[in-house]
Each structure stands twice: as C-alpha cells, then as structure tokens.
Ligand code: PGA
C-alpha cells in the first residue's frame, strides 16, 4: 500500500497577516500536485479565513487546535463545525505545547479527534515522549498508551480519516532531531498499535508523520525510511522556500 506523503507546516504563534498572505502567494503556484504530495499549512486561527480564500489548487489549510464540543459557553474557543464552515481541512490535535501549556490531555485529544472526523476535518494527532522517557527506554510504552487513548471509541472507518504525528518533545524546537532510525522505529510501533486496534489494512493506510526539528537538510533521510510518511514542521515551515524544499523532498518518497 502506497501512502501519499504529507508535509504539514505548523506556524505556531508566528507571522503577521501580511506575512501569512505573502507566504501563501509565494507557495501556491510552486507546490507539487496534491495527488503526489499533500501540502498543508496549519496557521493561527485568525489567519485561517484569509488563507483558505487564497489557497491554491494544491495547498490545504489547517488549524492548530479546536474545541471538542459542537457549541457552547466556551469563551475564546472554536469548534470543528466553525472551522469546517470556513473551508479548513486539517487540524493539529494534542500538540505537546498544548499538552504542556494549555491542559490538553489524552482524553480531550480523543474527544477532539472524534469531533474533527465527524466534521470531515482531518485531525493530525500528535503524540511523543519527553526526554526522561526516551532515556529510560520506555518510549514505546508511553506512545502506545497515547495512541490507545486517542483512538478510544474511534471506528476503523474513522481511524482511516486521521493522520498521526510522532513528535518527541525533546526534538521540538531544539535543533536535536531524532535519528531516522529512532523516529522510524517508534513510528513502526505506532503502526503496530493501530494494527492491533484496527487490523493490518487500516494500519497500513494511516499516514504517520515525524515532527521535531525537521529541516531542509535532514528531511530526505527521515523520509527515506520505511514508515515515515511525511513531516509536521515548525521552524522550517515559516519560510516559503524552506517549506517548498521540504515538500519537494517528499516527491521522492
Ligand atoms: P519544530 O516544531 O519543527 O520547530 O521542531 C515541530 C512542531 O512543533 O510541530
């Protein structure tokens, strides 16, 4: 089974409106055909409407977070339905920065995953271990639990509509990338968990990205592995040329 590669930029809390628009104009005509590689920009919520309006044929726009409820008295929050109504196609869920600073838990990740899929938005479900866990040699146990909890009560049919991002916390924004072997090994373990939950065919189709200090220099080696299907990229996604280099590297996958 050939999984279509996916490169998703996570802009985090960077850029002004003008920067965001300049970026989208710069990459629109340049990114490869979306049938060959999916190019996604996950932007701050306030830019989403403008970016969706201007996205080219081959670029898709994602949010960086959402609430799991359909609606309600949740000041400051945005629902999956609201994102959908603006044409947003992806949403990052459970990023470690949200887990660390904003109280995201495995339980809310699970609820958000279900809410996103119900609105036909592709969730990019983030999991990953802190440095102590990597050093203690218990990464697989921790990541396995994160995946099992994220996919609780999720049907096989819905699991197929999700993307996983393995992002070791020690590699995010640090310049210390996991080696291709380390990343691939953990991603194979994630695929095993999905196989246990949903069987071989589903596990074989779900895209699993690597994230954590991916850049134009290390992307090819990461993508040359058996199970890494793309990347979730912070810092190196901010510059249009850097983003384009990453996306083009995925053409060789
Ligand atoms: P980084 O961020 O590429 O800047 O390490 C990755 C992420 O947080 O998704």
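Scanning segment 129-157 for residues that are farther than 18 Å from residue 105 by Cα, in contact with a helix residue (DSSP H, G or I) (Cβ under 8 Å, 6 or more places away or on another chain) and either surrounded by fewer than 18 Cβ atoms within 10 Å (Cβ to Cβ) or modelled with pLDDT under 95 (or both) yields a total of 3.
Looking only at residues that are closer than 22 Å to residue 199 by Cβ, touching a strand residue (DSSP E or B) at 6+ places or on another chain (Cβ under 9 Å) and part of a loop (DSSP other than H, G, I, E, B) in segment 156-173, which one is nearest to the ligand (Cβ to nearest atom)? Only one residue fits best here, namely 162. Criterion applied to 253, 217 was being at pLDDT below 95, surrounded by fewer than 21 Cβ atoms within 10 Å (Cβ to Cβ) and away from the ligand (no atom under 12 Å from the Cβ), and the one residue passing it is 253.
In a residue-by-residue description of segment 183-206, the property of being surrounded by fewer than 21 Cβ atoms within 10 Å (Cβ to Cβ), within 16 Å of the ligand (Cβ to nearest atom) and under 21 Å from residue 97 (Cα atoms) applies to no position. Within segment 237-249, not a single residue is part of a loop (DSSP other than H, G, I, E, B), surrounded by 15 or more Cβ atoms within 10 Å (Cβ to Cβ) and away from the ligand (no atom under 13 Å from the Cβ). Just one of the listed residues (124, 78) is within 20 Å of residue 51 (Cα to Cα), modelled with pLDDT of 95 or more and surrounded by 19 or more Cβ atoms within 10 Å (Cβ to Cβ), namely 124.
In the list 109, 117, which residue meets the criterion of being within 19 Å of the chain's Cα centre (by Cα), within 16 Å of the ligand (Cβ to nearest atom) and outside any loop (DSSP other than H, G, I, E, B)? Give the derivation first.
Values: 117 fails: within 16 Å of the ligand (Cβ to nearest atom).
Result: 109 is the single residue among 109, 117 that is within 19 Å of the chain's Cα centre (by Cα), within 16 Å of the ligand (Cβ to nearest atom) and outside any loop (DSSP other than H, G, I, E, B).
Confirm whether residue 23 is more than 25 Å from residue 118 (Cα to Cα) and modelled with pLDDT of 95 or more. When the stated conditions are applied, residue 23 passes them.
The values are calculated or read from the model by the stated rules, or taken from the named source; none is laboratory data. This is a predicted model, so every value here is computed, not measured. Quick reminder, even Gly has a Cβ in these numbers, built from the backbone with ideal geometry, and neighbours come from all protein chains shown.
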